[in-house]
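Below is one structure, written out as structure tokens; comments come after it.
The values are calculated or read from the model by the stated rules, or taken from the named source; none is laboratory data. The structure displayed is predicted, hence computed values, not measured ones. Methodologically, a virtual Cβ is constructed for each residue, glycine included, from the backbone with ideal geometry; neighbour enumeration extends over all protein chains shown. These accessible areas exclude ligands, DNA and RNA; they are computed on the full protein's heavy atoms, side chains included. Shrake-Rupley method; radii C 1.70, N 1.55, O 1.52, S 1.80 Å.
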Amino acid sequence: MSERVKEILTWYGSDNPGTLTNLARLMNHGALAGTGRLVILPVDQGFEHGPGRSFAMNPAAYDPRYHFQLAIEAGCNAYAAPLGFLEAGAREFAGQLPLILKLSNHDVLLEEKDPAQAITGSVQDAVRLGCVGIGFTIYPGSEHRLAMYSQLRALAEEAKQRGLAVVVWSYPRGSGLSKDGETAIDVTAYAAHIAAQLGAHLIKVKLPTAHLEQAAAKKVYEKEGVPTGTLAERVRHVVQSTFDGRRIVIFSGGAADTDEAVFEQVRAIRDGGGFGSIIGRNSFQRKKPDALRFLKTIMDIYSGARK
Amino acid sequence: MSERVKEILTWYGSDNPGTLTNLARLMNHGALAGTGRLVILPVDQGFEHGPGRSFAMNPAAYDPRYHFQLAIEAGCNAYAAPLGFLEAGAREFAGQLPLILKLSNHDVLLEEKDPAQAITGSVQDAVRLGCVGIGFTIYPGSEHRLAMYSQLRALAEEAKQRGLAVVVWSYPRGSGLSKDGETAIDVTAYAAHIAAQLGAHLIKVKLPTAHLEQAAAKKVYEKEGVPTGTLAERVRHVVQSTFDGRRIVIFSGGAADTDEAVFEQVRAIRDGGGFGSIIGRNSFQRKKPDALRFLKTIMDIYSGARK
Amino acid sequence: MSERVKEILTWYGSDNPGTLTNLARLMNHGALAGTGRLVILPVDQGFEHGPGRSFAMNPAAYDPRYHFQLAIEAGCNAYAAPLGFLEAGAREFAGQLPLILKLSNHDVLLEEKDPAQAITGSVQDAVRLGCVGIGFTIYPGSEHRLAMYSQLRALAEEAKQRGLAVVVWSYPRGSGLSKDGETAIDVTAYAAHIAAQLGAHLIKVKLPTAHLEQAAAKKVYEKEGVPTGTLAERVRHVVQSTFDGRRIVIFSGGAADTDEAVFEQVRAIRDGGGFGSIIGRNSFQRKKPDALRFLKTIMDIYSGARK
Amino acid sequence: MSERVKEILTWYGSDNPGTLTNLARLMNHGALAGTGRLVILPVDQGFEHGPGRSFAMNPAAYDPRYHFQLAIEAGCNAYAAPLGFLEAGAREFAGQLPLILKLSNHDVLLEEKDPAQAITGSVQDAVRLGCVGIGFTIYPGSEHRLAMYSQLRALAEEAKQRGLAVVVWSYPRGSGLSKDGETAIDVTAYAAHIAAQLGAHLIKVKLPTAHLEQAAAKKVYEKEGVPTGTLAERVRHVVQSTFDGRRIVIFSGGAADTDEAVFEQVRAIRDGGGFGSIIGRNSFQRKKPDALRFLKTIMDIYSGARK
Amino acid sequence: MSERVKEILTWYGSDNPGTLTNLARLMNHGALAGTGRLVILPVDQGFEHGPGRSFAMNPAAYDPRYHFQLAIEAGCNAYAAPLGFLEAGAREFAGQLPLILKLSNHDVLLEEKDPAQAITGSVQDAVRLGCVGIGFTIYPGSEHRLAMYSQLRALAEEAKQRGLAVVVWSYPRGSGLSKDGETAIDVTAYAAHIAAQLGAHLIKVKLPTAHLEQAAAKKVYEKEGVPTGTLAERVRHVVQSTFDGRRIVIFSGGAADTDEAVFEQVRAIRDGGGFGSIIGRNSFQRKKPDALRFLKTIMDIYSGARK
């Protein structure tokens, strides 16, 4: 095992060897194995946005097996999806790549200012499907956030007892925040910190903007001169906010119109000390050869094979 | 066992042999045994609409035994009903046809914009009554939908552990949707996809119209040119949206004034790759000989015995 | 055992011998033993309306033992009451008459448009008090109805596992209904059907009027010519609506100013195929000798000893 | 054991010998041992009203041990308090007097029209602290009352299984009642009856006024001429309303400006057939010697040593 | 063990030896070991206010290990933090200082008038991390307070069974109180008393002002002449209100602009009979050498080494 992976595992001193084993599997799989960087393929857009909006531009992606194959061929570290999508391929692709079962989902057939979630899978489901971990989304800023934190904690406790890793999507939304505030640097750092305090091993947030949302935070950031001018600086602040870099934090893209813009973001994540990317729509909403080229470029940036 | 049934069973690679056995029983019973097509008789209208509205036009149907007999004589693949109706015949007709216990129901003595449900049976009830599976309704679009998804998931997990199949009625309704939206093609495909992601083996939706309800979906459907002009095309899109055809999707009739119109719909389901029909009121609200003729025609269309 | 009781037991083919035994005890006790008709004494008015309003006109009835004695002397099939009243006599009268423990109650110290209930006893309480069954009230039409259905179902499942009978009071009330609607024939039939679908062995409803409450039902009743002109016809329709007479349905009085009016109602119940009466206030709110005469007349009408 | 205590125990025929033993301990302790009358010291005012308002006039009472000592020296039948106060003395005074653990409390740092409660102790807490019983408050008339009834019932079931007595404070309050209605004779009798129906062994209500709150009750009380003119008559009606005197009912003082007025009330309780008093603030809010004299007078009135 | 610690342990006569052992560990660790005084380091501000607002002024504090080291070097009695922060150092610092796991947290990404909380850890988590106790916050005055009291009680029961100590942060807030009322002397004393009644071993409140919030309390305080003029008097009243000094009460600073002002407060706590301080932001929001000097001064005041 690489020194870097060994080092990362030391950060999780309260976890049992079962969970460490699964964290190691996550970091030792695929094109970035051993680097301590990760690119994960998540596919819950069918549930979150609807199948037509998610897959019509690349109809091969309606088939749940497509995403297993894409993740394997691209050399992603893991594939994360809801119960149905994993059940539909877990036997066929058993042992071929690490899987993360998302235990919470939300749909948009009813839009709500303060999003809540359904529990759509169990820790036992993750175990029986051979997953390395569970995934869970929290919406800091929503009036339902406290219930979500409590649910996450209970599921995380069970997952850790059973040797699984805990991956948290922390997406600020709801009546506590302005639209700009959802990706503000102070809010993003706060959201990542909450996930870490709730016991997440791996945290996923959106790339932050330089906006400062909360007045009390703004005052401190300005007084202390927290550097937030460049994307790399903002990534660095998020990493710092999640236990000074002792938790794995990965990012999903902000608004990026071109592939080159995405690559620029990836460089910023790398340079800011981020651990990687979670890339969904940009992967499976294009034809597979194109997706493989696109993902290879990203992984090369992370591995240092490409600038 | 027919090759087609064997093929369908391969889609459920994460289920235990007990559940596969019950799925096979469902597909290997009745006039369509072995074809991979299904016609199921559901009778929960007494609960959902009241006994008078449901049975006064064919008073023999007040007797719970009537529906067992009708399903057996017609060669349906299964009979689905709430607890009371199944309890009233399960011993007498034990082993004569596959049964599905509906675990959720709703009545109309109070009309609500956002429907919720009562839990009206348990997985253990299904086991003690000799059922092959459980049934559950979700109402995507209702403000109670997330609670229903969570309940379904928990019941489905228990059912699968105990070797039962999971049948989900996915009926979009509630304040998230316009009246037309309830049967819109984008919404119907979305509702079927959610059921599949929640772990359903068999999904039942209403026949969709060409209406596109959600603006974000409409944009994609139009841009990508998703074919939705004919009923068969819309059925095909729903089938595609439920794991590219790797989950069993069946349909109930939309507004059909004449038998011939129903048969036209059935042809569209067949031609669009749908797996069959669930036919309630059109079966038990006419005299039995007429119902048997009617159901035979439908089954003949599915089996190919009739055009 | 009489042929009639044996026949009735065949309707409950999904119940275990323990429950059948208790159903038989209910039907084989008292003046109507073996006839398949029942007169049950219920006394929860102290809880539901207050002790003064219930017992001041016959102060002997403040004593919980009075009601056991009244039911025994009158030859009622069973005595139904809440926890406290049964606890206060169950040892003294052990084995002398079948008891039904009511597990739900409601008081009127706060009046609500949509009634809910407290759970006031457990299945285990019913077992330890030697009861033959549990009782539970549902209020179809109330916004709390779905929670009540779910509670009933769970308690009924436990009761059946432990060999008890399940008696359901189905009282339409709440914001879904007009005042007249609470006893409308369509609503009463619907309420009885719901109780049967939820697994009740014995259902208690109020005597229905000829009013038709729900527009969709009214259309069908008028089109199909469902006979609802006389009370006996309406009783017959309710009986038909509860599994075509294959569940025991009994009735409580509507507005009856004189004893003779009550007897007329009893004749209508008998002639319409109803299974009996549940007679509370008309029994214990008069002096005991008068009550015994009154109940004897009713039982004679049911047994055929009197016209 | 005195004949009176033996007689009272016969009223609880459905309880196990463990609970009877604890009821006997309650009646056989202190100055009124064996008389069937009780004076209980309750001290939850620190939680209910705040420590300053409760103890500043007698600062010795801030110490939890004070109340154990006061109850022992005065010869009270029992001492009732919340978890913290009992934990702070249960070892030191183990076996020296019967203890009742109050399992519910409410504070006034937020005033609400419809009071609810926190669960502040468990049946297991009562067992480990050596208590003879549990205490619980219900607020008939509050919109939260049904939840409280259900909680009480569940805790009472557990307490009875474990051989403890169940003491219920029944305090009508909330949006269902006028201010006068909270102590109206019809409402007080109703509140006591509800507690008895929920399985209480010992019930505590406030002394009722002659006010009649509920129109339907008023009509009956006036028609039947229920005597409510004197306090003794009202006590008698409350006793009658709790199973015709077959449950133990005790009273707390109404507005009493002088000690003599309290003694007058005690005489009325005695003459009306009440079982005793629960005396909190009048005991611990005066210096101990004064309190002992005051309590002795009350006990002498109950025992007959004083007129 | 010092006589003072032995004496304090006698106050907890209802706790098992396991809990006493952990209380002793708390009192026998660090610079104040054996004195019966405590200084505890709490670090949940990252969760409660956000990481930037909490740590930007001393970036070393982003690292969870920093706080363990600070507490050890300063000789604090214990370190209290949420799950994530403790998990990130519990192995590395195992056995080096007593830990308290905070089981409840709240964030400010949504501000609410009536604060509620998430459950962010379990008693089992505290056990597996080697903690001496659990921490929990209640907000008396919030409309959610009763639910929090009930949760605390249940967690405290479990913690005591497993030999842990229970530490309660009692912070009056919410619609029941004015802004000034949150730190009023009557409210603070009440809040501390509630925590003690709920079974807390160690209670943490804010330093109270002389404001009297509740009219009924004000009347009594003024009539009885409760001394509240100086801070030491107010501390004394709070200590008196928590079982006359038989529960450990510690304080956090009010508004203190200078270090000297904090030291003045500490002298008042000491002189008023308070048991110590909980010092968060004033410790970790300055450089470590400065923090160590600052904390040493405080401990010296408590130990008597400094006036």
message: How charged is the neighbourhood of B:ALA159? Take every other residue with its Cβ under 12 Å from the Cβ of B:ALA159, and add Lys/Arg as +1 and Asp/Glu as -1.
response: -1
query: Where both partners of a DSSP beta bridge lie in the protein assembly as shown, what percent of those bridges are antiparallel, to the nearest 5?
result: 5 percent
- line: Debye calc, one equal point scatterer per Cα of region D:28-129, no solvent, log10 I(q)/I(0) at q = 0.20, 0.24 1/Å comes to -1.06, -1.30
query: Which chain A residue sits with its beta carbon nearest the axis carrying A onto B, and how many Å away is it, rounded to a whole number?
result: A:ALA147, 10
- request: Calculate what fraction, in whole %, of the accessible area of chain E sits on carbon and sulfur atoms when a 1.4 Å probe is rolled over the protein chains.
  value: 49 percent
message: I need two numbers for region D:184-227: Rg to one decimal and Dmax as a whole number, Cα atoms only, in Å.
response: 11.3, 32
query: Relative contact order, percent, of chain A when contacts are C-alpha pairs under 8 Å separated by at least 6 residues?
result: 17 percent
message: Give me the percent relative contact order of region A:64-108, please, defined on Cα pairs under 8 angstrom at least 6 residues apart.
response: 44 percent
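Between chains C and B, what is the buried accessible area in Å², counting both sides, with a 1.4 Å probe and ligands, DNA and RNA left out, to the nearest 100? Don't skip to the end; give the middle numbers.
Values: alone 13050 and 13020 Å², together 22710 Å².
Answer for the C-B pair: about 3400 Å² buried.
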message: Which residue, A:VAL108, C:LEU26, E:SER150, has the largest displacement toward the positive end of the dipole of the protein assembly as shown when charges sit on each Cβ (Lys, Arg +1; Asp, Glu -1)?
response: C:LEU26
query: What gaps in nm, shortest first, separate C:PRO59 from its twins in the other copies when you place the label 7 Å past Cα toward the beta carbon?
result: 5.4, 5.4, 8.7, 8.7
query: Under 5 Å between amide H atoms, partner at least 5 residues away or on a different chain: which partners does C:ILE248 have, H built in plane at 1.01 Å?
result: C:ILE203
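How much of the DSSP bridge set in region C:98-190 is antiparallel, in percent, rounded to the nearest 5?
Values: 2 of 11 bridges.
Bridges in region C:98-190 that DSSP calls antiparallel: roughly 20 percent.
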query: What's the center-to-center distance, using Cα atoms, between region B:175-224 and region B:49-102 in Å?
result: 30 Å
query: Can you give the mean number of other chain Cβ atoms that lie within 10 Å of the Cβ atoms in peptide A:136-149?
result: 3
- request: Would you mind giving the mean number of other chain beta-carbons within 10 Å of the Cβ of each residue in C:101-114, as a whole number?
  value: 5
- prompt: Shortest first and in nm to one decimal, what separations exist between B:SER303 and its copies in the other chains, measuring from label points 7 Å along the Cα-to-beta-carbon line?
  reply: 5.8, 5.8, 9.4, 9.4
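Per residue of the protein assembly as shown, what 222 nm ellipticity follows from adding -39500 (n - 2.57) for every DSSP H run with n ≥ 4, rounded to the nearest 500?
Values: 70 runs with 675 residues, N = 1535.
Taking each H run of at least 4 residues, the total per residue is -12500 deg cm²/dmol.
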query: In terms of modelled amide H atoms, which long-range or inter-chain residues lie less than 5 Å from the amide H of A:TRP169?
result: A:PHE136, A:THR137, A:ILE138, A:LYS204
message: To make sure I understand the rule: partners must be aspartates and glutamates, Cα under 19 Å from the Cα of B:LYS113, and not fewer than 8 residues away in the same chain. Which ones qualify?
response: A:ASP107, A:GLU111, A:GLU112, B:GLU48, B:GLU143, B:ASP180, B:GLU182, B:GLU213, C:ASP114, C:GLU143
- request: Report the net charge of residues surrounding B:VAL127, where surrounding means a beta-carbon distance below 11 angstrom and charges are Lys +1, Arg +1, Asp -1, Glu -1.
  value: 0
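Ranked from highest to lowest mean number of other Cβ atoms within 10 Å per residue, what is the order of the peptides E:13-23, C:69-79, E:193-203?
Working: E:13-23: 18.3, C:69-79: 22.6, E:193-203: 28.6.
Going from most to least packed, we get E:193-203, C:69-79, E:13-23.
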- prompt: Any idea of the accessible area per residue across the protein assembly as shown, 1.4 Å probe, to the nearest Å²?
  reply: 32 Å²
message: Exceeding 23 Å between C-alpha atoms, which entries from my cross-link table qualify? They are A:LYS160/A:LYS204; C:LYS102/C:LYS179; D:LYS102/D:LYS204; A:LYS160/E:LYS102; E:LYS218/E:LYS307.
response: C:LYS102/C:LYS179; E:LYS218/E:LYS307
query: So what is the relative contact order of region C:237-307, in percent, for Cα pairs below 8 Å that sit 6 or more residues apart?
result: 30 percent
task: Pull up the cross-link candidates among the aspartates and glutamates for A:LYS219, meaning alpha carbon to alpha carbon under 16 Å and not fewer than 8 places away within one chain.
output: A:ASP186
field: Other protein chain Cβ atoms within 10 Å, averaged over every residue that makes up A:239-245
entry: 6
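Convex hull over the Cα atoms of region D:27-71, averaged projected area in nm²? Don't jump to the answer; show the numbers that get you there.
On the way: hull surface 14.6 nm².
The Cα convex hull of region D:27-71, projected and averaged over all directions, gives 3.6 nm².
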task: Quick one: which residues, 5 or more positions from D:GLY133 or on another chain, have an amide H under 5 Å from its amide H? H modelled 1.01 Å from N in the peptide plane, none for Pro or chain starts.
output: D:LEU99, D:LEU101, D:ALA165
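Assigning unit charges at the beta carbon (Lys, Arg +1; Asp, Glu -1) and nothing else, what dipole magnitude in debye, to the nearest 20, does the protein assembly as shown show about its Cα centre? Walk me through the intermediate numbers first.
Numbers: 175 positive and 160 negative charges, 441 e Å.
About 2120 debye.
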message: Can you tally the net charge around D:LEU231? Count Lys and Arg as +1, Asp and Glu as -1, for every other residue whose Cβ sits under 15 Å from the Cβ of D:LEU231.
response: +1
- prompt: Rounded to the nearest 5, what is the percent of antiparallel bridges among the DSSP beta bridges in region D:1-120?
  reply: 25 percent
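How big, on average over all directions, is the shadow cast by the Cα convex hull of the protein assembly as shown, in nm²? Write down the numbers at each step before the final one.
On the way: hull surface 222.6 nm².
The number I arrive at for the protein assembly as shown is 55.6 nm².
Please list D:LYS223, C:LYS102 from largest to smallest accessible area, probe radius 1.4 Å, with all protein chains kept in place. Please list the in-between numbers first.
Details: D:LYS223 165, C:LYS102 5 Å².
Of D:LYS223, C:LYS102, the descending order of accessible area is D:LYS223, C:LYS102.
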- prompt: Once all Cα-Cα distances of region D:106-263 are split into 5 Å bins that start at 0, what whole-number percent is in each one?
  reply: 2, 9, 17, 20, 19, 15, 11, 5, 2, 0, 0
query: What are the nm distances, shortest first, from B:ASP259 to its equivalents in the other copies, labels at 7 Å along Cα→Cβ?
result: 6.0, 6.0, 9.7, 9.7
- request: Please identify, among C:SER104, C:SER150, C:SER122, the residue showing maximal mean-square fluctuation in a Gaussian network model of chain C using a 10 angstrom Cα cutoff.
  value: C:SER150
query: Out of region D:103-163, which trypsin sites (Lys or Arg not before Pro) are coil in DSSP terms and have no more than 11 other C-beta atoms within 10 Å?
result: D:LYS113
